[in-house]
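Q: Okay, here's the structure, questions in a sec.
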Amino acid sequence: MHTRIESDSIGPLPIPSNAYYGVQTLRAKHNFSISGEKLHLSLIKNLAVIKKAAAITNFQEQNISADIAEAIYKASDEIISGKFQEEFIVDAIQGGAGTSANMNINEVLAHRASEILGGTKDTYDLVHPNDHVNCSQSTNDVFPTAGKLTVLELMPHLINNLSYLENLLAQKADEFSDVIKMGRTQLQDAVPTTLGRSFKAYQSAVCRGIHHLLTVTDEMHTLNIGGTAIGNGLNTSPGYSATIVQNLANELKLPLKQANDLYDATQNADSFVQVSGAVKTVAVILSKMSNDLRLMSSGPKTGFGEINLPDKQNGSSIMPGKVNPVIPEVVSQVAFQIIGNDVTITMAAESGQLELNPFEPIIFRNLFSSIELLTNAALTLADNCIAGITANREHCLEQVERSAGIATALCPFIGYKRASEVAKESLKTEISIRTILLEKDWLSKEKIDEIIDLKKLAEGITPSINHLHSILT
């Protein structure tokens, strides 16, 4: 392999001659052989967007020449379009607060910009990674800004998939609005409800999760770019800070703004904790829903058997004909992973010291992963499960008729004590509530029919109770 020699403050190092990365990138690769995961492609793209905006701003501020700015601009556009992905070799999990990631793109852009200006990758004489590409910047404002821009890029895909799921749940809520089933609390028979109400509750929870995500993601528009190392803007020209934010906003067509307190925005990572928490919350919502779907579809003959999930694949290598609820299962596993990611993000944000949090590499790796996992899980749950669910209407109704849970509706008419007595007797003897009431002659058949109107009970409608006193006395 042909090599060239590049040197830094540590010393010389041979670099593959055809590589656009340089000495600091290769040292980082040697130092951080950790996860085998490279930088997220969207993070690389957004680092390039920042470098492009910085080149424009530095030219406007007369910090670099027009030809160097244009070369960096063009090289950045190439990376934004997806070129040179193989040049980003540093591990996603790295020490140094993201310096390795920042220098990776600085070196790639410097070498490519040098080529654009007619030079080679052998020297940094034409375009230097620190003096030109990183002019007016620090890893400490570039890397957090790139992280926020990446969240802003990934989040719309999650919102779209969750909105699609929400719409499907709304359709199922309408489809199942007349399917009467037994409601359960703590896995025990409670009172009648409808399957439609169950799916409407799922829809409402997803809707609430979407609004929460939108609220916390809005904070990602507030950037610390221009603050350089600790937030005081050292080594920037007077107009640079405000101008680069505007140039970024113009490039991305986003309502970006600079943080009111750049020191705060540089050292605190709580905004990422908030986003992670919102993602985790939605994951918990989907996992709880998945738990319900597994229970309601259990059996199919010896479980709840209230709904049928679409058959997706054989469920066993030994039991013929067995089909498992694989989609709800995978959604729950996604939730478990996201919860773990959130714990890591929380610990990393808490562990920052003084003027900088050096643990944003793991924050970003986990946050991007959580968003993408949930994006895929929401679509998988919608298309491969929710869309194909059917109800076992007659079975649901039979369960309600047989349940002692409908005794709750008797309380306003015969009192809690007698209603409890009826419920216990029904459970013990397997005689229906209706039959026991008639045998005890506590209520007329007409009144029993009026009270135990399953459709009304499922909607929470209680008949007149003006004769309660006479019954109890």
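Q: Which one of these is free of Cβ contacts under 8 Å to residues at least 40 places away in the same chain, buried (at least 16 other Cβ atoms within 10 Å of the Cβ) and under 29 Å from Ile5 (Cβ atoms): Ser65, Ser114, Ser76? Step through it out loud before you land on a result.
A: Working: Ser65 fails: buried (at least 16 other Cβ atoms within 10 Å of the Cβ); Ser114 fails: free of Cβ contacts under 8 Å to residues at least 40 places away in the same chain.
Exactly one of Ser65, Ser114, Ser76 is free of Cβ contacts under 8 Å to residues at least 40 places away in the same chain, buried (at least 16 other Cβ atoms within 10 Å of the Cβ) and under 29 Å from Ile5 (Cβ atoms), namely Ser76.
Q: In segment 1-32, what residues are part of a loop (DSSP other than H, G, I, E, B) and of a type outside the set (Ser, Thr, Tyr)? Talk me through it step by step, then tell me what you get.
A: At the first step, the residues of segment 1-32 found to be part of a loop (DSSP other than H, G, I, E, B) are 1-2, 9-10, 17-22, 32.
Hits for segment 1-32 are Met1, His2, Ile10, Asn18, Ala19, Gly22, Phe32.
Q: Give the residues of segment 341-358 that are over 30 Å from Met289 (Cβ atoms) and free of Cβ contacts under 8 Å to residues at least 60 places away in the same chain, sorted by residue number.
A: So the first thing to find is which residues in segment 341-358 are over 30 Å from Met289 (Cβ atoms), and the list is 350-358.
Scanning segment 341-358 gives Glu350, Ser351, Gln353.
Q: A further question on this structure: If we keep just the residues of segment 125-152 that are surrounded by fewer than 20 Cβ atoms within 10 Å (Cβ to Cβ) and in contact (Cβ under 8 Å) with a residue 40 or more places away in the chain, which is nearest to Pro14 (Cα to Cα)? Talk me through it step by step, then tell me what you get.
A: The initial filter retains those residues of segment 125-152 that are surrounded by fewer than 20 Cβ atoms within 10 Å (Cβ to Cβ), namely 125-126, 128, 130-131, 152.
Those still in the list that are in contact (Cβ under 8 Å) with a residue 40 or more places away in the chain too: 126, 152.
On the way: Leu126: 21, Leu152: 38 Å.
The residue in question is Leu126.
Q: Checking Met1 against (1) modelled with pLDDT of 95 or more; (2) farther than 27 Å from Leu254 by Cβ; (3) not basic (Lys, Arg), only one condition comes out false. Which one?
A: For Met1, the exception is condition (1).
Q: Another question, if that's okay. List, please: which pairs have Cβ atoms under 9 Å, are six or more places apart or on different chains, and start with a residue in segment 453-464 that is in the same structural domain as Ile414 (by TED's automatic domain parsing) and in a loop (DSSP other than H, G, I, E, B) and end with one that is surrounded by 15 or more Cβ atoms within 10 Å (Cβ to Cβ) and among the β-branched types (Val, Ile, Thr)?
A: Sorted first by the residue in segment 453-464, then by its partner, the pairs are Glu459/Thr193; Glu459/Thr194; Gly460/Val191; Gly460/Thr193; Thr462/Ile451; Pro463/Ile451.
Q: So which of Ser42, Ser100, Ser35 is hydroxyl-bearing (Ser, Thr, Tyr), touching a residue at least 40 places away in the same chain (Cβ under 8 Å) and assigned to a loop (DSSP other than H, G, I, E, B)?
A: Details: Ser42 fails: assigned to a loop (DSSP other than H, G, I, E, B); Ser100 fails: assigned to a loop (DSSP other than H, G, I, E, B).
Step by step, each of Ser42, Ser100, Ser35 is checked, and only Ser35 is hydroxyl-bearing (Ser, Thr, Tyr), touching a residue at least 40 places away in the same chain (Cβ under 8 Å) and assigned to a loop (DSSP other than H, G, I, E, B).
Q: Just checking, which of Asp264, Asp292 is charged (D, E, K, R), in contact with a Phe, Trp or Tyr (Cβ under 9 Å, 6 or more places away or on another chain) and modelled with pLDDT of 95 or more?
A: Details: Asp264 fails: in contact with a Phe, Trp or Tyr (Cβ under 9 Å, 6 or more places away or on another chain).
It is Asp292.
Q: Still on this structure: Of the residues Ile389, Ile414, Ile371, Ile406, which single one is crowded, with 16+ Cβ neighbours inside 10 Å and within 26 Å of Val275 (Cα to Cα)? First the steps, then the outcome.
A: Working: Ile389 fails: within 26 Å of Val275 (Cα to Cα); Ile414 fails: within 26 Å of Val275 (Cα to Cα); Ile406 fails: within 26 Å of Val275 (Cα to Cα).
Every option except Ile371 fails the conditions.
The values are calculated or read from the model by the stated rules, or taken from the named source; none is laboratory data. Remember, it's a predicted structure, so these values are computed and weren't measured experimentally. With ideal geometry, Cβ positions are generated from the backbone for all residues, glycine too; neighbour counts draw on all protein chains shown.
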